[in-house]
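Shown next, in structure tokens, is the structure this report addresses.
We did not get these values from a lab; they are worked out from the coordinates using the rules stated. Everything numeric here is computed off the predicted structure, so don't read it as measured data. Cβ coordinates were reconstructed from backbone atoms using ideal geometry, including for glycine residues, and neighbour counts include every protein chain displayed.
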Amino acid sequence: MSEPVAKPSGKSWREINQERKALKRQRNEEKIVKREKRAALELEAESKVKEEVEWEKKCSEISTVSIAIPGSILENAQSAELRTYLAGQIARAACVFCVDEVIIYDDIGDKMNTKKSKLEVADGVKVARKSCVQLARILQYLECPQYLRKHFFPIHKDLEFAGLLNPLDAPHHLRMSNDFQFREGITMNKKVKPGRGSQVNVGLLQDISTDKLLNPGIRVTVKMLPTQEGGKKLKGKIVSLTTPRAETGVYWGYTVRIANNLSQVFTQSPYKDGYDLTIGTSDTGTPVDDLPNKELKYNHVLIVFGGLHGIEAALESDEQLKEDEASLLFNHYINVLPNQGSRTIRTEEAVLIALSGLRSKLKAINEPMVFTGTGIAQSSLFPTAKVELSDSGTDANLDLSRFD
């Protein structure tokens, strides 16, 4: 039998009960405050996630330019070196004109029994015509930042002469000394503490800690977070591929897709509603000069180029397309260079001519902002000397107009 609780000296039972009630009331109030704080934090986290989803959706709605090129153009080159250099010309044109997607399609199909090859793409391994795979591989190689190439591109015969090619010098090809809020990286196979994200190599002296735990060997885009005062560890946030351009306006490279025929160029579009403006190029089309300026409005535009025998040959070899006229496949069927001096315009030349001629004709519905920031990758054109900063902390002398 337990002993009765002794009454403290100098206090009546009434005072003791009042104190107990006051303590109980205080504890209840503290619980309510904690519950409200927890609910507020959860609500804040939910709204933050919702904002991020809405922002990523907004990023994905930015107007894009896609070009489709037949892989057979490599088969018309006389040597392995020329095939590689031809692919390099396509990559340079895509980068210079800020193309978002390059589609390599097979314009010959199964009519000719040619070798097939494999290439790793976003959806897995793609089996396609050897020339298509080689062109896609070289385009991927050139678009990849130099510090990541050893991770994604093992020694391969298709890349034997890739060292001869002119570099793209794209804004996302950052050097170790460059300071920019976004970087491309690869998730590393390193053990991390529970609740921590993956370690990512972004081309700096040390790997950075991120907010998401992903499988090793994945290419990711990372937003660099400000380091705490006195802190040495670098931290970052994994973001969508479209985020850098949406937030800063800087061009962030192109993606590569392989289509086994002409119809797959249209049907396998990565965009939700497909391409809302399609343009075909042919010497039998309407002269590009007849198109009105800034009247071709688009959200996702697709420009298709033909091979040695034009788009008509690709249409003929595609059994899924029932149209007789190639011009019926497109919203506009244009001649990119009327009154040409040569009997033929090579595809790599047509890409440059068409993208140049259409610049004044196209009007983006959701145009990306113009890049006006500083601290982007220094190219070979920029001096390697130390950059002087103005009082505001921005670079006073660095000319970044070529990224606008």
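Remarks
- Within the chain, DSSP assigns beta bridges of which about 45% are antiparallel (rounded to the nearest 5).
- Computed over the chain: relative contact order in percent, which uses C-alpha pairs under 8 Å that are six or more apart: 19
- Size of electric dipole in the chain: Cβ of Lys, Arg +1 and of Asp, Glu -1, about Cα centre, debye, nearest 20: 2920
- A dipole drawn for region 178-245 from +1 and -1 charges on Cβ atoms has a positive end, and of Q228, S198, T243 the residue lying farthest that way is S198.
- Each of T344, Q89, V127 was placed along the dipole of the chain (beta-carbon charges, centred on the mean Cα), and the one lying farthest toward the positive end is V127.
- In a simple Cβ point-charge model (Lys, Arg +1; Asp, Glu -1; nothing else charged), region 277-343 has a dipole of about 340 debye relative to its Cα centre.
- Amide H contacts of F182 (H built 1.01 Å from N, in plane; Pro and chain starts excluded): M224 sit under 5 Å, all sequence-distant by 5 or more or on other chains.
- Cα-based convex hull volume of the chain per residue, rounded to whole Å³: 267
- Exposed GluC sites (Glu not before Pro) absent - longest run of the chain, DSSP non-H/G/I/E/B, at most 13 other C-beta within 10 Å: 1-159
- DSSP-defined antiparallel bridges as percent of all bridges, region 245-335, nearest 5: 10
- With both labels modelled 7 Å from their Cα along Cα-to-Cβ, the S47 to K21 distance reads 3.9 nm.
- Assigned charges on the beta-carbon of Lys, Arg, Asp, Glu; region 178-245 dipole about Cα centre (debye): 220
- Dipole of the chain computed with +1 at Lys/Arg Cβ and -1 at Asp/Glu Cβ about the Cα centre; of T286, T187, V370, farthest Cα towards the positive end is T187.
- Every helix of 4 or more DSSP H residues in the chain counts as -39500 (n - 2.57), and over all residues that averages to -9000 deg cm²/dmol at 222 nm.
- Nonlocal amide H pairs with T281, under 5 Å, H built at 1.01 Å: V304, G306, I334
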